[in-house]
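Report on the following structure.
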Amino acid sequence: MCNIAEGFESRSDRTFYDMLRRAKGSCGEVRTLVHIAGKIGYISEEKVTAMMPICLKCSGQLQALMSHLETTRPEVPSRKPW
């Protein structure tokens, strides 16, 4: 949430997009940590099962916003293939 707020407040579409990318990366980190916490018994498998869809939904929402910016903001270049 802090990355998104920082990017938005920058008043630059490019910076906002870059901070959304960081936030999406953080979603992946959280998903990994939830998985590890379940494997080592720090949280129950029920909690892992409940949290994973939330993590995936958040990541998907960030991707949708990033895609929107790619197509509507000239300052944000479209994704190029690697």
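Observations, loosely collected:
- Residue in region 26-48 that is in contact with a helix residue (DSSP H, G or I) (Cβ under 7 Å, 6 or more places away or on another chain), surrounded by 12 or more Cβ atoms within 10 Å (Cβ to Cβ) and either under 19 Å from residue 77 (Cβ atoms) or touching a residue at least 40 places away in the same chain (Cβ under 8 Å) (or both) present: no
- Scanning region 6-17 turns up at least one residue that is hydroxyl-bearing (Ser, Thr, Tyr) and touching a residue at least 60 places away in the same chain (Cβ under 8 Å).
Read-outs throughout are calculated quantities, based only on the coordinates presented, and are distinct from any laboratory measurement. Treat the numbers as computed from the prediction; the structure is a model and nothing was measured. Neighbour counts run over all protein chains shown; Cβ positions are idealised from the backbone, glycine included.
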